[in-house]
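Accompanying notes for the structure given below.
The values are calculated or read from the model by the stated rules, or taken from the named source; none is laboratory data. Note that the coordinates shown come from a computational prediction; the quantities given were computed from them, not determined experimentally. When we count neighbours, we look across all protein chains shown, and the Cβ atoms used for this are built from the backbone with ideal geometry, even at glycine. Ligands, DNA and RNA are stripped out before the accessible areas are found, and what is left, the full protein with its side chains, is counted by its heavy atoms. Shrake-Rupley method; radii C 1.70, N 1.55, O 1.52, S 1.80 Å.
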Amino acid sequence: MLGQQVLVLNQNIKRESGRKVQTGNINAAKTIADVIRTCLGPRAMMKMLLDPTGGIVMTNDGNAILREIQVQHPAAKSMIEISRTQDEEVGDGTTSVIILAGEMLAVAEQFLEQQMHPTIIISAYRQALEDMLDTLKEISTPVDTSDRSMMLKIVHSAINTKALSRWSELACGIALDAVRTVELEDNGRKEIDIKKYAKVEKVPGGIIEDSCVLKGVMVNKDVTHPRMKRMIREPRIVLLDCSLEYKKGESQTDIEISKEEDFARILQMEEEYIQQICEDIIRLKPDLVFTEKGISDLAQHYLMKANISAIRRVRKTDNNRIARACGARIVSRTDELREEDVGTGAGLFEVKKIGDEYFTFVTECKDPKACTILLRGASKEILAEVERNLQDAMQVCRNVLLDPFLLPGGGAVEMAVSKRLTERSRALTGIEQWPYRAVAQALEVIPRTLIQNCGASTIRVLTSLRAKHTQDNSVCWGVDGETGCLSDMSSLGIWEPLAVKAQTYKTAVETAILLLRIDDIVSGHKKKDKEEQMGGQGAE
């Protein structure tokens with residue numbers, strides 16, 4: 001009885017615990033970081049991924065790559081999550097956050113091997129994170145957001161690491177204009193909603209240089225009736241979200257007709273109803289009607305006679321954008337239309353044929369609060385990549401406008417923070433100073449990767465960079481990612497927003513802490529149980 005083994009967990013359940021799990025997690029994190037490592041900096045390589053449906057994704061945006069990779073290991077999954085968090089929060093720095101988190105875990109490995117308890121490492125990391133954020137605030141310089149050349153520099157350093165860097169002038173201009181357009185201030189609160197009001201429309205064909213920000217909105221639609229006007233100067237615009245056709249009953253209704261005059265009467269009522277709707281619209285003398293639902297042939301006829309162009313089945317989001325661009329209000333019932341619902345802010349309406357599709361442009365708006373970015377390019381893959389890069393650039397713009405502080409880029413911040421941490425670790429006593437100092441070492445991974453990616457000698461450049469940072473007033477010295485030499489980031493004009501850096505550090509250290517906390521992984525295989533119960537029928 002004594003020697004008998006007691007089974008507590010189900011036999012199908014795999015359980016790993018203790019040191020094995022911690023090393024496993026650290027290795028998983030390092031592997032993910034290695035996948036992304038070559039994607040940092042202006043000399044970044046691209047990755048080509050095949051998704052399950054057979055489409056191709058070509059990118060060097062950390063988040064986009066990890067989104068497509070299928071991963072088995074649970075720790076690796078949480079690494080992928082953090083790049084998504086970074087993307088949603090600040091939009092840039094997705095690559096560096098993964099590399100940093102991987103490195104933070106890698107330096108913790110030696111302490112675990114020396115039998116140091118994870119909680120000690122964690123508390124040291126926590127302390128280091130607080131000091132890192134303080135240091136960032138000290139180094140940061142305020143920026144004047146109305147200074148266009150400065151803003152362009154910031155966006156430029158965000159785009160430089162992407163495939164768009166060849167057209168960086170163009171791209172910076174596009175991103176800055178788009179963000180400036182959708183910027184809204186009400187009651188002293190800034191709201192910059194890129195996702196809703198700066199739409200990127202990708203039209204294959206043409207060359208990338210043709211891309212531009214429209215002072216207004218573009219919709220992939222044509223007018224409903226061939227004889228309607230295709231070009232109107234200073235149109236009066238009405239936006240509806242009701243259909244201009246006869247309304248059928250909500251519930252099923254049956255009508256019994258005894259006399260044929262009644263049938264004629266019913267048809268006449270339908271026509272009168274549509275005529276009534278159209279008269280409601282015509283009363284306001286608009287030139288353009290956009291509706292989110294359908295327009296019947298009869299309604300088209302009436303509108304055409306009144307010389308009104310109509311466009312139907314516009315997406316709700318597009319309708320919202322048109323409303324913000326020309327100052328119209330979206331109305332849900334025609335009989336409620338009033339003069340102030342008409343938008344007069346647009347300067348030009350025209351329908352153009354690009355490629356083999358018709359596009360409607362509402363442009364030359366007076367003070368648009370929404371815009372469309374028109375992207376042209378050779379193939380779908382290139383366009384998708386350009387769109388991703390632009391999203392990053394716009395996010396960076398937004399961050400600077402919301403939190404106008406800058407830090408030098410090119411690994412300069414990391415070296416400066418690392419130096420501060422090393423200095424502070426000397427004041428610590430006890431066992432915690434070692435993990436604390438390790439965080440300082442881990443930060444050097446960013447400049448190191450930059451040097452590796454452009455093929456310079458890592459050890460030589462890093463040592464000279466470290467030496468440089470021991471001197472006074474050398475906070476801005478970092479690695480020039482193009483050549484791998486040391487250079488002053490403020491003269492090169494490579495800047496990063498404070499919001500991005502702070503978020504990167506927070507996310508990376510938090511993830512490292514989270515993964516160090518884990519000491520047991522229990523994975524149950526449910527499917528096996530089911531198959532055994534079904535007597536092996538489960539032919540999945």
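Of all the residues in segment 487-508, those that are small (G, A, S), open to solvent by 50 Å² or more (accessible area, probe 1.4 Å) and under 19 Å from V439 (Cβ atoms) number 0.
List pairs: first in segment 504-519 and of a type in the set (S, T, N, Q), second open to solvent by 10 Å² or more (accessible area, probe 1.4 Å) and not in a helix (DSSP H, G or I), Cβ under 6 Å, 6+ apart or cross-chain? Filtered contacts from segment 504-519: T504/G93.
Might you check whether a residue that is modelled with pLDDT under 80 and either β-branched (V, I, T) or surrounded by fewer than 14 Cβ atoms within 10 Å (Cβ to Cβ) (or both) occurs anywhere in segment 18-27? Show your work before the answer.
Of the residues in segment 18-27, the ones modelled with pLDDT under 80 are 18.
Remaining after also requiring either β-branched (V, I, T) or surrounded by fewer than 14 Cβ atoms within 10 Å (Cβ to Cβ) (or both): 18.
Among the residues of segment 18-27, at least one is modelled with pLDDT under 80 and either β-branched (V, I, T) or surrounded by fewer than 14 Cβ atoms within 10 Å (Cβ to Cβ) (or both), which makes the answer yes.
With in the same structural domain as Y273 (by the TED database) and either modelled with pLDDT of 80 or more or closer than 27 Å to G294 by Cα (or both) as the only criterion, which of L348, L375 stands out?
Details: L375 fails: in the same structural domain as Y273 (by the TED database).
None of the others qualify; the one that does is L348.
Going through (1) at pLDDT 85 or above; (2) of a type outside the set (F, W, Y); (3) touching a strand residue (DSSP E or B) at 6+ places or on another chain (Cβ under 8 Å) one by one, E68 falls short only on (1).
Those strands (runs of 3 or more DSSP E) of segment 274-363 in which at least 2 residues are under 30 Å from S379 (Cβ atoms) and not aliphatic (A, V, I, L, M), considering only elements entirely within it, cover 348-354, 357-363.
Quick one: is L421 touching a strand residue (DSSP E or B) at 6+ places or on another chain (Cβ under 6 Å) and modelled with pLDDT of 80 or more? Reasoning before the result, please.
Numbers: touching a strand residue (DSSP E or B) at 6+ places or on another chain (Cβ under 6 Å): no; modelled with pLDDT of 80 or more: yes.
No; evaluated as a whole, the condition is false for this residue.
For segment 111-141, the tally of residues that are under 13 Å from E432 (Cβ atoms) and not aliphatic (A, V, I, L, M) stands at 9. Taking A108 as the residue in question, decide whether it is within 24 Å of V155 (Cβ to Cβ), buried (at least 20 other Cβ atoms within 10 Å of the Cβ) and more than 19 Å from the chain's Cα centre (by Cα). Here the answer is no, as A108 does not meet what is asked. With respect to the conditions (1) open to solvent by 40 Å² or more (accessible area, probe 1.4 Å); (2) more than 26 Å from A28 (Cα to Cα); (3) modelled with pLDDT under 80, S457 falls short on a single one, namely (3).
Can you tell me which residue within segment 309-359, out of those that are of a type in the set (S, T, N, Q) and out of contact with any Cys (no Cβ under 6 Å at 6 or more places or on another chain), is surrounded by the most Cβ atoms within 10 Å (Cβ to Cβ)? Checked segment 309-359; the qualifying residue surrounded by the most Cβ atoms within 10 Å (Cβ to Cβ) is S309.
Scanning segment 214-251 for residues that are open to solvent by 40 Å² or more (accessible area, probe 1.4 Å) and not in a loop (DSSP other than H, G, I, E, B) yields a total of 2. For segment 132-147, the candidate set comprises residues that are within 24 Å of G481 (Cα to Cα) and in a helix (DSSP H, G or I); within that set, the residue that is modelled with the lowest pLDDT is I139.
Scanning segment 378-410 for residues that are of a type in the set (K, R), within 13 Å of the chain's Cα centre (by Cα) and surrounded by fewer than 18 Cβ atoms within 10 Å (Cβ to Cβ) yields a count of 0. Taken together, L129, L176 contain a single residue that is within 18 Å of the chain's Cα centre (by Cα), surrounded by 16 or more Cβ atoms within 10 Å (Cβ to Cβ), touching a residue at least 40 places away in the same chain (Cβ under 8 Å) and in a helix (DSSP H, G or I), which is L176.
Before we move on, is S149 out of contact with any strand residue (DSSP E or B) (no Cβ under 9 Å at 6 or more places or on another chain) and not assigned by the TED database to the domain that holds D519? Don't jump to the end; show me each part of the working.
Working: out of contact with any strand residue (DSSP E or B) (no Cβ under 9 Å at 6 or more places or on another chain): yes; not assigned by the TED database to the domain that holds D519: yes.
So S149 passes the test.
Among the residues of this structure, L375 counts as one that is part of a strand (DSSP E or B), touching a residue at least 40 places away in the same chain (Cβ under 8 Å) and under 24 Å from the mean Cα position of the chain (by Cα). Taken as a whole, the structure leaves L298 outside the set of residues that are open to solvent by less than 70 Å² (accessible area, probe 1.4 Å), touching a Gly at 6+ places or on another chain (Cβ under 9 Å) and at pLDDT below 85.
Within segment 261-272, is there a residue that is in a helix (DSSP H, G or I) and closer than 29 Å to E350 by Cβ? Spell out the reasoning first.
Here is the first cut: in segment 261-272, the ones in a helix (DSSP H, G or I) are 261-272.
The next check asks that each one be closer than 29 Å to E350 by Cβ; those that pass are none.
The answer is no, given that none of the residues of segment 261-272 is in a helix (DSSP H, G or I) and closer than 29 Å to E350 by Cβ.
Summed over segment 203-229, residues that are more than 16 Å from S309 (Cβ to Cβ) and among the charged types (D, E, K, R) total 3.
Applying a threshold of 6 Å to beta carbon distances and a minimum spacing of six or more residues, or different chains, the list of pairs starting in segment 462-486 at a residue that is open to solvent by less than 70 Å² (accessible area, probe 1.4 Å) and ending at one that is among the hydroxyl-bearing types (S, T, Y) and assigned to a loop (DSSP other than H, G, I, E, B) reads K468/S474.
Among helices (runs of 4 or more DSSP H) entirely within segment 6-112, having at least 2 residues that are acidic (D, E) and within 30 Å of D193 (Cα to Cα) singles out 74-89.
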